[in-house]
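A.B. asks: What follows is a structure written as structure tokens; I'll ask about it next.
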Amino acid sequence: MTDTPEDTPPDNETMREVKRAKARKEAAEEKGGIGWKTAAGIGIGSAALAAALIYANKARKKDSEQD
């Protein structure tokens, strides 16, 4: 059975999104993922953010204990 233009349903929003998702997935597979420099930067940034939050929380606890 072949799909003729008369047999295929018209593109709707869902079909367009599926096609876009497939195209993005194929493009990502061709690219190959993130590099080690990007991964290292993400890791260092996450650690710095966690350290800043811990430090801020400790400083707040010390201030409330003195009151």
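The values are calculated or read from the model by the stated rules, or taken from the named source; none is laboratory data. This one's a predicted model, so the numbers in the text were calculated from it and none came from an experiment. Cβ sites come from the backbone with ideal geometry, for glycine too, and all protein chains shown count toward neighbours. Side chains included, ligands, DNA and RNA excluded: accessible areas come from the protein's heavy atoms. Shrake-Rupley method; radii C 1.70, N 1.55, O 1.52, S 1.80 Å.
A.B. asks: Measure off 7 Å from each Cα along the Cα-to-Cβ vector at residue 37 and residue 60, then give the distance between these two points in nanometres to one decimal.
C.D. replies: 3.7
A.B. asks: Continuing with the same structure: Rounded to whole Hz and in sequence order, give me ³J(HN,Hα) for segment 23-39 from the Karplus expression 6.51 cos²θ - 1.76 cosθ + 1.60, θ = phi - 60°, writing x for Gly and Pro.
C.D. replies: Ordered by residue, 3J(HN,Hα) equals 5, 5, 5, 5, 5, 5, 5, 5, 5, x, x, 8, x, 5, 5, 5, 5 Hz.
A.B. asks: Whenever you get a sec, line up 44, 54 from highest to lowest accessible area (probe 1.4 Å, protein heavy atoms).
C.D. replies: Numbers: 44 120, 54 100 Å².
My answer, sorted largest first, is 44, 54.
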